[in-house]
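These notes are about the structure you will find just below.
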Amino acid sequence: MVDISGSCPKQFSAVKDAFAANFEHNGDVGASVAVTMHGELVVDLWGGSQDTAGTTPWDRDTIINVYSTTKTMSCLSLLVLASRGLVDVDVPVERYWPEFGAAGKGNVLVRHLLSHTAGVPAWDRRIELTDLYDWDKVTSMLAEQAPWWEPGSKSGYHAITQGNLVGEVVRRVDGRSVGRFFAEEIAGPLDADFHIGTGPEHDHRVARVIPAPPLRFGSADGSVAPARGSIPARAANPRLTAEQSWETAWRRAEIPAAGGHGNARGVALAQSVVSAGGSARGVDLLSKAVIDRIFDVQAAGRDLVLGIGVTFGVGYGLNSPRNPISPNARVCYWGGWGGSLVVNDVDAAMTMAYVMNRMGEGTVGDDRAHTLLRAVYESLGP
């Protein structure tokens with residue numbers, strides 16, 4: 001039996017029970033789960049160990065790479081700028097980043113970057129994982145290349161490039177990198193333990209992911225290899241390996257689509273500003289108009305890269321009949337390779353986050369997080 005630590009009021013006892021069951025029945029090794037209501041932390045649990053041998057406990061402040069859950073932080077950063085009137089999501093990207101208009105991308109709008117519909121899901125030229133550490137190199141390459149399909153017409157998951165595209169707009173508008181902007185404008189004010197670019201002062205508490213099989217696009221479970229030359233095959237550039245996240249250089253770099261480090265508490269607190277209506281812990285970050293805009297459907301259907309049905313709004317995936325994750329309508333979410341997840345329920349003023357070290361198979365996670373989410377809604381009642 002794994003010891004579960006943290007705080008959980010009686011109302012949410014089902015969440016604690018589900019969290020414990022994930023260790024007993026669903027293979028969790030080390031993990032954390034958190035829930036906020038109206039921007040305040042109500043559930044904060046952690047347990048297990050940082051390694052399969054059980055030699056190092058998962059502590060309150062253990063953090064880990066959460067892969068694409070990082071995207072919600074990068075997109076939130078750009079939405080904060082939109083709330084301040086500094087970015088218009090309906091104008092061409094080239095207004096803020098002139099070089100990006102090259103090669104027929106003058107009609108790519110900012111909201112296309114936020115919804116995986118820009119047609120730039122990967123680099124045309126093969127790059128190495130270490131190239132992601134050179135911001136100017138990879139963003140310049142994206143600016144030079146042509147879109148792979150008509151921008152705005154369909155979604156094709158921008159697994160790595162979304163972070164560079166969104167992050168470069170943030171940098172061009174604000175002057176700060178997206179990691180620094182997020183730290184100073186969102187994480188710091190909200191006391192959220194999440195980092196896009198993780199400094200050496202945190203190294204002692206970083207856990208390593210326990211790798212899953214190599215990432216493959218084109219099918220829900222990653223079991224079917226995409227056809228050579230297809231969009232899913234071309235989108236696997238660079239070829240991600242979980243072991244890369246163990247390296248110090250990966251942590252230090254700002255990889256705003258996949259390199260963020262945090263725990264469930266940090267993820268939930270950062271994202272709680274969405275579910276709380278734009279203001280949390282006395283910090284005003286999002287306007288009502290921008291929150292409403294998140295739920296403006298940008299693409300709904302079979303994603304060209306993932307090969308599954310996804311509904312994208314502005315900055316997040318959306319609850320939909322195709323992929324129902326909540327009984328409520330105004331729910332936005334995203335998760336990370338291996339199983340991490342954050343869900344913002346604006347109707348319930350609730351955010352739930354789950355972070356773990358043992359990676360599940362496939363590109364869209366497994367049922368561990370959804371077991372916890374079901375327990376949250378059971379706790380909230382009808």
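The values are calculated or read from the model by the stated rules, or taken from the named source; none is laboratory data. This structure is a prediction, so every number in the text was calculated from the model and none was measured. For neighbour counting, all protein chains shown are included, and Cβ atoms are generated from backbone atoms with ideal geometry for every residue, glycine included.
Could you please find all residues in the stretch 141-175 being assigned to a helix (DSSP H, G or I), among the charged types (D, E, K, R) and within 21 Å of the chain's Cα centre (by Cα)? Selection gives Glu168, Arg171.
Against the list (1) assigned to a helix (DSSP H, G or I); (2) within 15 Å of Val166 (Cβ to Cβ), the condition Val120 fails is (1).
When Pro232 is tested against (1) out of contact with any Gly (no Cβ under 7 Å at 6 or more places or on another chain); (2) in a helix (DSSP H, G or I); (3) more than 22 Å from Met37 (Cβ to Cβ), only condition (1) is not met. A count restricted to the stretch 1-50 and to residues that are in contact (Cβ under 8 Å) with a residue 60 or more places away in the chain and outside any strand (DSSP E or B) stands at 17.
Please find, within the stretch 287-338, the residue that is nearest to Pro211 (Cα to Cα) out of those that are assigned to a strand (DSSP E or B) and among the polar types (S, T, N, Q).
Going through the stretch 287-338, the residues assigned to a strand (DSSP E or B) turn out to be 299-302, 309-312, 317-318, 320, 323, 331-335.
Remaining after also requiring among the polar types (S, T, N, Q): 311, 320, 323.
Details: Thr311: 28, Ser320: 30, Asn323: 26 Å.
Applying the filter and picking the extreme gives Asn323.
Among the listed residues Ala192, Ala187, which satisfies the condition of being farther than 27 Å from Ala299 by Cα, aliphatic (A, V, I, L, M), at pLDDT 95 or above and part of a helix (DSSP H, G or I)? Walk me through how you get there before you give the answer.
Details: Ala192 fails: part of a helix (DSSP H, G or I).
After ruling out the rest, the residue left standing is Ala187.
Among the numbered conditions (1) without any contact (Cβ under 8 Å) to a residue 40 or more places away in the chain; (2) outside any helix (DSSP H, G or I), the only one that Val138 does not meet is (2). The residue pairs whose first member lies in the stretch 114-131 and is within 17 Å of Ile231 (Cβ to Cβ), whose second member is in a helix (DSSP H, G or I) and charged (D, E, K, R), and whose beta carbons are closer than 7 Å, counting only pairs six or more residues apart or on different chains, are Ala122/Arg234.
Scanning the stretch 79-95 for residues that are assigned to a loop (DSSP other than H, G, I, E, B) and within 30 Å of Met1 (Cβ to Cβ) turns up nothing. For Thr52, the conditions (1) surrounded by fewer than 22 Cβ atoms within 10 Å (Cβ to Cβ); (2) among the polar types (S, T, N, Q); (3) closer than 15 Å to Val355 by Cβ all hold with the exception of (3).
Looking at this structure, is Thr198 within 26 Å of Leu86 (Cα to Cα) and of a type in the set (Val, Ile, Thr)?
Values: within 26 Å of Leu86 (Cα to Cα): no; of a type in the set (Val, Ile, Thr): yes.
It is false that Thr198 is within 26 Å of Leu86 (Cα to Cα) and of a type in the set (Val, Ile, Thr).
Just one of the listed residues (Val297, Val267) is without any contact (Cβ under 8 Å) to a residue 40 or more places away in the chain and in contact with a strand residue (DSSP E or B) (Cβ under 9 Å, 6 or more places away or on another chain), namely Val297.
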